[in-house]
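**Student:** After the structure tokens below, expect a handful of questions from me.
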Amino acid sequence: MDDLSIFFNPPIKTHLRKSEQTVLSLVAQGFSNQAISKQLFISEKTVEIHIHNIYKKLETIGIDFQERHKRVYLVNLFSANNNSHIPPRLRDTA
């Protein structure tokens with residue numbers, strides 16, 4: 001997997017565990033929770049817990065998510081530093 005340091009500002013990266021960074025990377029690439037669970041060989045419930053923890057950790061450092069658009073905000077946050085890493089189907093709407 002690519003070095004994630006180019007995608008995260010230092011404060012964000014330091015707040016997320018490596019497993020959470022990996023899940024966030026896959027969310028940003030457009031993977032569903034089910035696809036992430038299969039890719040990482042973990043349960044779908046574990047993926048949901050990782051995503052929940054990501055939201056909570058990012059909210060504690062001042063990133064506010066609107067309930068209906070949380071996943072879109074994660075994609076935008078992840079890809080803010082490099083537009084070429086936004087999945088093509090999301091790039092046109094980002």
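**Student:** Lys and Arg at +1, Asp and Glu at -1: add these up for the other residues within a Cβ distance under 10 Å of residue 37 and post the number.
**Tutor:** Its environment carries a net charge of 0.
**Student:** Under a point spin-label approximation (7 Å from Cα along Cα-to-Cβ), what is the residue 56-residue 14 distance to one decimal in nm?
**Tutor:** My value for the distance between the label points is 2.2 nm.
No lab work stands behind these numbers, since they all come straight from the coordinates. Owing to the predicted nature of the structure, the values given are computational and were not obtained by experimental measurement. Here the Cβ is made from the backbone with ideal geometry for all residues, glycine too, and neighbour counts use every protein chain on show.
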